[in-house]
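Participant: Here it is: the structure, laid out below.
The values are calculated or read from the model by the stated rules, or taken from the named source; none is laboratory data. Owing to the predicted nature of the structure, the values given are computational and were not obtained by experimental measurement. Every residue, glycine among them, receives a Cβ derived from its backbone with ideal geometry; neighbour counts consider all protein chains shown. The protein model used for the area step is the full one, side chains on, heavy atoms only, and it has no ligands, DNA or RNA in it. Shrake-Rupley method; radii C 1.70, N 1.55, O 1.52, S 1.80 Å.
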Amino acid sequence: FFVYFKVSPEHFDRPCGKSAEAKAAKLTYGKVMAAFLYQVVQNVLEFNKSFKEIAGAGKNDINLLIGCPATKKWTDVGYMLKYAQLVRQATGIQNVGIVPESRAALFSAIDSGSRIINTSKGVMVYDFGSSTADSTYMLLGRQIYEYSWDLGASLIEQQFLQMALRYAKEKDPTASAGANRDTILRSLRMAKEEYFRSGAETD
């Protein structure tokens, strides 16, 4: 049972799971993600058979677009290729495109019937989160520029982690975040967001 298993491509080969079975199977985050991707695609095909285009489609007839965070850990060319390869191997679909979320938002804005957007000189989308700010500029069919900046929230989480480690080292000098660093940071982020959302303190 995995609560959170999506990691950036650089961590696909990292061991996942602490049980004897997981270790014996050499289970990695990438393998768990692949199993999830496989099941999602199988469900899409199974529950959309009423559409004749899908019912009669083979794996080579399908174009699969998957969104990813717009940070450098995902949008670096090598990482995007690694993610696309994982998707191909997991699903059998060969026509795979990885689309940063800010670019997906751009397409959504262009396609929206509620507003008219002039795309003749290109379109720019900004996505401001708590940990990163992402921007995409696209001149359709000609140019794409994408940038991502770390924001203060990510620095706050890093400081929380350093404080927690200092307290832990007072009790055990050998204490270290080690391979659990990302998991701890996610827990800190969730606690921080819950606090600012509800004002209630969490353990």
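Participant: With θ set to phi - 60° and the Karplus curve 6.51 cos²θ - 1.76 cosθ + 1.60, what are the ³J(HN,Hα) couplings of the range 20-29 in order, to the nearest whole Hz, using x for Gly and Pro?
Facilitator: 4, 5, 5, 5, 5, 7, 6, 5, 10, 4
Participant: Further, regarding this structure: Quick check: residue separation of Ala20 and Tyr137 times 0.36 nm, minus the Cα distance between them. What number comes out in nm?
Facilitator: 37.3 nm
Participant: Ignoring everything but the protein chains, give the 1.4 Å probe accessible area of Tyr38 in square angstrom, nearest 10.
Facilitator: Taking all protein chains as shown, Tyr38 has close to 110 Å².
Participant: Which distance in nm do the two modelled labels at Ile156 and Asp172 give, with both placed 7 Å along the Cα-to-Cβ direction?
Facilitator: That separation, rounded to one decimal, is 2.9 nm.
Participant: Further question on the same structure: Just to verify a number: FRET efficiency for Tyr4 and Gln85, C-beta to C-beta distance, R0 = 25 Å, to 0.05?
Facilitator: Calculated transfer efficiency: 0.65.
Participant: How big is the accessible area of Met163 in square angstrom, nearest 10, if you roll a 1.4 angstrom probe over the protein chains?
Facilitator: That residue has around 80 Å² of solvent-accessible surface.
Participant: For the pairs Lys6/Lys82; Lys6/Lys26; Lys26/Lys192, note any where the Cα-Cα span goes beyond 25 Å.
Facilitator: Table pairs above 25 Å Cα-Cα are Lys26/Lys192.
Participant: Turning to a different aspect of this structure: If I stretch the segment between Lys49 and Ile144 completely, what's the gain in nm (0.36 nm per residue apart, minus their alpha carbon distance), one decimal?
Facilitator: Length gained, Lys49 through Ile144: 30.6 nm.
Participant: If you rank Val77, Val40, Val125 by how much accessible surface each has, with a 1.4 Å probe, what is the order from largest down?
Facilitator: Val77, Val40, Val125
Participant: To continue, here is another question. Hey, can you grab everything whose amide H is under 5 Å from the amide H of Gly67? Only 5+ residues off in sequence or another chain; H modelled, so Pro and N-termini drop out.
Facilitator: Residues meeting the amide H criterion: Val99.
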